[in-house]
Amino acid sequence: MNSDSNQILDQTIFALASGVGKSGIAVFRLSGPSASDALRALSQKQLPEPRRATRVQLKHPKTDDLLDDGLAIYFPGPASFTGEDVVELHVHGGRAVIAGITEALAGLKDVRLAEAGEFTRRAFDHGKFDLTAAEGLADLINAETAAQRRQAHRQLHGDLGLIYDDWRDRLLKAIALFEAEIDFSDEDLPPGLHAEVAQQIAEITEEISEHLDDKGQGQILREGLYITIIGPPNAGKSSLLNRLSRRDVAIVSEHVGTTRDVIEVHLELDGYPVILADTAGLREAADDIESEGVRRAQERAHQADLKLAVFDGATWPEKDSQTLDLIDEDTVIVLNKADLLDKADTEYLAISAETGDGLDVLLEKLKNEVAERCHLSASPALTRTRHRTALDDCLGNLQRFPTSPETELKAEDLRLAARALGRITGRVDVEEVLDIIFKEFCIGK
Ligand SMILES: Nc1nc2c(ncn2[C@@H]2O[C@H](COP(=O)(O)OP(=O)(O)OP(=O)(O)O)[C@@H](O)[C@H]2O)c(=O)[nH]1
Ligand SMILES: [Mg+2]
């Protein structure tokens with residue numbers, strides 16, 4: 001996007017806000033100084049009452065051609081989504097209607113098609129919300145499961161931004177105290193200031209560390225939990241993938257070494273998003289292709305949040321070393337082909353991908369494991385690498401603070417830490433420190 005935002009904000013943008021393709025109703029949204037003029041041009045009438053759905057006939061301003069009969073809503077700025085004048089047109093969702101209105105709007109002076117994310121960008125530019133809320137909005141639109149939706153709502157409503165802003169505010173206050181120490185002689189300042197700054201920095205450091213030490217739950221919930229099925233060839237891994245996804249996705253055969261590529265399916269387990277992957281059977285490969293398959297299987301196993309190791313009940317108690325090597329505390333182990341098992345094994349869960357035996361128990365176990373790894377915690381969770389990177393940066397500076405040798409360097413540590421936090425919510429102006437000094441202290445007398 002062009003960064004010359006002053007010039008950009010003079011322009012009025014529009015876009016089809018509803019999905020593409022035929023639909024009962026389609027919604028166009030316009031935002032900017034000419035939004036109301038555009039509505040007048042198409043409806044050939046005075047503006048409707050603000051925020052009230054009003055029936056209008058929309059005509060092409062040049063040809064007078066009737067485009068559609070629909071509803072218009074006018075939201076005068078700043079009380080609108082973007083903070084600018086906004087107009088919504090609700091029309092019939094036919095291709096020709098949409099094409100006609102698009103063409104009519106694009107032909108108006110100072111009106112152009114919006115770029116991706118531009119409405120939200122304008123809302124941010126007008127202080128409607130911070131960056132984390134904008135990201136929450138994007139997540140809400142992309143949410144596929146109930147838990148993702150809840151997390152996105154929370155972020156959209158500013159819960160996450162509040163935490164980051166609170167740390168930043170407290171940090172700015174600590175900076176103000178610290179700079180006061182530098183700038184003013186001891187007699188002018190209350191005693192114990194130095195200890196107070198150190199104390200506050202220690203508290204913020206502790207809270208950020210805790211927030212970062214979240215095992216990636218929020219991020220896993222946003223992006224999906226990766227479960228990889230591993231095991232020796234022919235154990236029934238592909239059969240299990242098909243069972244769990246209730247689809248015939250992967251080829252199943254009695255041939256040893258059927259699967260070579262990694263096959264992924266997206267599932268929802270108790271509202272949590274899961275990406276389940278089937279992989280090649282682990283063994284000394286017979287050819288180059290299988291060997292590549294085994295390499296990919298191992299790579300996927302290492303990247304997985306959770307592994308599902310499948311042993312073959314027909315050859316039990318044989319356990320191959322390649323699968324054993326990959327098993328760790330993030331692994332659920334099952335014994336497939338329970339129907340062929342000589343005698344029950346009490347150590348592992350026996351299932352049958354063919355008959356469905358034991359699958360409900362396995363599903364229950366998987367749900368618990370998934371919930372543990374991406375459950376919606378009581379406090380808003382870290383959801384993006386962008387936030388994590390900035391928080392790591394902030395924490396690094398805060399941790400350096402106590403050991404930095406000079407006052408000037410210490411002040412710089414704090415300023416960098418505050419700037420890193422500001423990057424998350426989109427508040428980068430550290431000059432605010434000065435305001436705080438004057439507001440809170442009246443040191444200037
Ligand atoms: N009796 C019995 N046979 C099963 C069961 N599950 C799978 N099979 C059979 O076992 C054979 C291998 O199944 P697959 O699902 O292809 O096994 P795989 O682990 O994906 O095998 P590779 O892709 O070669 O590593 C097929 O003939 C399946 O029909 C089961 O629970 N019981
Ligand atoms: Mg397979």
With eigenvalues of the C-alpha gyration tensor scaled by 5 and rooted, region 42-168, Å: 34, 17, 13
Lys/Arg +1, Asp/Glu -1 at C-beta; region 221-374 dipole; positive extreme among 255, 240, 346: 240
Approximate shape of region 151-231 as ellipsoid semi-axes (Cα gyration tensor, √5λ), whole Å, largest first: 41, 15, 7
Candidates per GluC sites (Glu not before Pro) in region 257-354, loop by DSSP, up to 13 other Cβ within 10 Å: 284, 318, 329, 347
Relative contact order (%) - criterion: Cα under 8 Å, at least six apart; region: the chain: 13 percent
Around residue 371: net Lys/Arg minus Asp/Glu count, Cβ-Cβ under 14 Å: -1
Extended-chain gain in nm, criterion 0.36 nm per residue less alpha-carbon gap, residue 153 and residue 315: 53.4 nm
DSSP bridge orientation in region 221-374 - percent antiparallel, rounded to nearest 5: 30 percent
Order of 203, 223 under a 10 Å beta carbon neighbour criterion, fewest first: 203, 223
Fluctuation leader among 139, 413, 328 - the chain, Gaussian network, Cα springs under 10 angstrom: 328
Listed residues 87, 334, 27, most fluctuating in the chain (Gaussian network, C-alpha, under 10 Å): 27
Whole-number percent relative contact order across region 221-374, with pairs defined as alpha carbons under 8 Å at least 6 apart: 25 percent
12 Å beta-carbon shell around residue 266, net charge (K/R +1, D/E -1): -3
Space enclosed by the convex hull of the alpha-carbon atoms of region 221-374, per residue, Å³: 103 Å³
Reachable lysines from residue 173, criterion Cα separation under 24 angstrom, eight or more residues apart if same chain: 410, 439, 445
Point-to-point label distance, residue 255-residue 403, nm (Cα→Cβ direction, 7 Å offset): 5.9 nm
Point-to-point label distance, residue 330-residue 63, nm (Cα→Cβ direction, 7 Å offset): 5.9 nm
The chain - share of DSSP beta bridges that are antiparallel (%, nearest 5): 60 percent
Fewest-first sequence of 153, 387 by Cβ atoms within 10 Å of each Cβ: 153, 387
Overall Cα dimensions of region 182-290 - principal axes, largest extent first, Å: 87, 33, 19
Under-19-angstrom lysine pairs by C-alpha in region 12-167, whenever the two are 8 or more apart or on separate chains: 5
Cross-link partners of residue 337 among lysines (Cα-Cα below 28 Å; sequence separation of 8 or more within a chain): 237, 307, 319, 365, 367
Within a Gaussian network of the chain (alpha carbon springs, distance under 10 Å), most fluctuating of 294, 332, 361: 361
Debye intensity ratio I(q)/I(0), log10, the chain, q values 0.08, 0.12 Å⁻¹ (C-alpha model): -0.73, -1.03
Simple spin-label estimate for residue 247 and residue 99 in nanometres, 7 Å along Cα-Cβ: 3.3 nm
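Quick check on region 5-125: of the DSSP beta bridges with both residues there, what percent are antiparallel, nearest 5%?
85 percent
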Local electrostatic count at residue 74 - Lys and Arg +1, Asp and Glu -1, tallied over other residues with Cβ under 11 Å: 0
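Here, each number is a calculation from the coordinates, and none is a lab measurement. Quick caveat, the model's predicted, so the values are computed rather than measured. Quick reminder, even Gly has a Cβ in these numbers, built from the backbone with ideal geometry, and neighbours come from all protein chains shown.
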